[in-house]
Amino acid sequence: MSSSLQDQLKALGLAKDKPKKARHRPRRQPVGEKENQSLSLRKAYALKEREEQRQADQARKRKQAEDRQRREINNEIRKLVNQHRVNRQDADIGRNFMFKGRIRKIYVTAEQLKALNSGDLGIVYLSGGYHLLPAEQVESVRQLSAQHVPDLSVGSDEDGDYPVPDDLVW
């Protein structure tokens with residue numbers, strides 16, 4: 001009985017022979033194919049880089065065009081403001097208004113306050129300052145850029161924003 005337990009099990013048919021390992025060798029590529037792959041990879045990276053550069057150039061040109069247009073509009077508004085501005089240095093009454101989600105203040109005289117509240121005067125925002133102008137010039141500025149004209153209308157928020165349901169009984 002010199003045979004091992006494994007040999008005995010194999011003889012009884014309870015164990016199987018170990019399958020021989022198949023040696024899979026990776027297919028070796030000829031040198032020319034490796035060069036072709038690296039060249040195509042370089043081309044792909046070069047194409048990707050060119051496309052990214054093209055997109056960056058387009059974005060830069062678009063931003064420059066927007067900046068140029070904004071400067072032209074600001075210059076036209078500046079001409080109107082310089083010609084028709086009615087702000088006074090001796091103004092001492094603060095008039096609050098909402099502009100771009102914040103409460104702002106401009107100082108006016110009593111006569112200007114009446115004219116501002118009646119709509120004869122309006123406010124124009126330009127370069128960090130608020131300027132009083134006659135209503136006709138404010139409309140001209142609004143046509144150039146509505147972003148430069150604060151809305152001074154006072155609306156009632158009671159009915160508009162929070163309506164009371166019909167079935168609610170007080």
Quiz item: When region 41-88 is examined, which residues are found to be more than 30 Å from TYR107 (Cβ to Cβ) and of a type in the set (S, T, N, Q)?
Solution: GLN53, GLN55, GLN58, GLN64, GLN69
Exercise. Hey, could you check region 63-101 for residues that are exposed (fewer than 13 other Cβ atoms within 10 Å of the Cβ) and acidic (Asp, Glu) and say which is farthest from the chain's Cα centre (by Cα)?
Key: ASP90
Practice problem: List every residue pair whose Cβ atoms sit under 7 Å apart, with the two residues 6 or more apart in sequence or on different chains, where the first one lies in region 65-88 and is touching a residue at least 60 places away in the same chain (Cβ under 8 Å) and the second, anywhere, is part of a helix (DSSP H, G or I). | Solution: ILE73/LEU144; GLU76/LEU144; ILE77/VAL141; ILE77/LEU144; ILE77/HIS148; LEU80/GLN137; LEU80/SER140; LEU80/VAL141
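Return the residues of region 138-159 that are aliphatic (A, V, I, L, M), over 24 Å from the mean Cα position of the chain (by Cα) and modelled with pLDDT of 85 or more; say none if nothing qualifies.
VAL138, VAL141
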Quiz item: Restricting the search to region 103-134, which residues are small (Gly, Ala, Ser), outside any helix (DSSP H, G or I) and surrounded by fewer than 13 Cβ atoms within 10 Å (Cβ to Cβ)?
Solution: GLY119, SER127, GLY128, GLY129
Practice problem: Restrict the check to region 63-83 and report whether at least one residue is in a loop (DSSP other than H, G, I, E, B), at pLDDT below 90, under 19 Å from GLY128 (Cα atoms) and touching a His at 6+ places or on another chain (Cβ under 9 Å). | Solution: no
Quiz item: Could you say which residue among ALA115, ALA65, ALA44 is over 25 Å from ARG142 (Cα atoms), out of contact with any Asp or Glu (no Cβ under 7 Å at 6 or more places or on another chain) and among the small types (Gly, Ala, Ser)?
Solution: ALA44
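The values are calculated or read from the model by the stated rules, or taken from the named source; none is laboratory data. In this text, all values refer to a predicted model and were calculated from it rather than measured experimentally. We place every Cβ from the backbone using ideal geometry, glycine too, and count neighbours over all the protein chains shown.
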